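To start, the structure under review is shown below, and the notes come after it.
The values are calculated or read from the model by the stated rules, or taken from the named source; none is laboratory data. Note that the structure is predicted; figures quoted are calculated from it, not measured. Virtual Cβ from ideal backbone geometry, glycine too; neighbours counted across all protein chains shown.
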Amino acid sequence: MALIDVISVAQISSVFTSCVMDDVTRNKIRERHEKFHPTTDRPTLDILQKYECALERMAKDYVTVHGYLLPSTYGAIHVSAGGASIDNKLDKAFKFAEWSNVKQAGKRGLTPNMYGCYLDERNSHLTCVYDT
């Protein structure tokens, strides 16, 4: 019976850490994250984090699961992502002023280390979750 419990826990944890978007979309989000919020020349001012599939899943749940609450040490940015193509949607989404909130958190000593995003193409929204 203990073996079944171990297997169940392993299956559940793999579900929660697996990515929910396709690799192409995820890579486009990561590219724009770097393009619009560069980290290479000013790492202490901008928003350098590691992309995590667990946070991608949290971002999806944040917008698709009624009543889903992020843990208290996490934050989210939720912006419109209108456009004809995925590229247009992401280019527009990453230009919103809301992204400065992550930089401001860093200036207050709450620099995020990880992020994950979910592009809801049907409703044209991009949601990114950050740990703080």
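Tabulated values for the structure
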| read-out | value |
| --- | --- |
| Residue within region 68-76 that is modelled with pLDDT of 90 or more, within 19 Å of Cys19 (Cβ to Cβ) and in contact with an Asp or Glu (Cβ under 7 Å, 6 or more places away or on another chain) present | yes |
| Checklist (1) without any contact (Cβ under 8 Å) to a residue 60 or more places away in the chain; (2) assigned to a helix (DSSP H, G or I); (3) out of contact with any Gly (no Cβ under 8 Å at 6 or more places or on another chain) applied to Ala84, failing item | (2) |
| When residues of region 32-50 are limited to those that are surrounded by 13 or more Cβ atoms within 10 Å (Cβ to Cβ) and not in a loop (DSSP other than H, G, I, E, B), the one modelled with the lowest pLDDT | Phe36 |
| Of residues in region 78-97 being loosely packed, with under 13 Cβ neighbours inside 10 Å and not aliphatic (A, V, I, L, M), the one farthest from Tyr130 (Cα to Cα) | Ser85 |
| Index of the failed condition, Phe96 passing every other in (1) aromatic (Phe, Trp, Tyr); (2) within 13 Å of the chain's Cα centre (by Cα); (3) farther than 20 Å from Asn27 by Cβ | (2) |
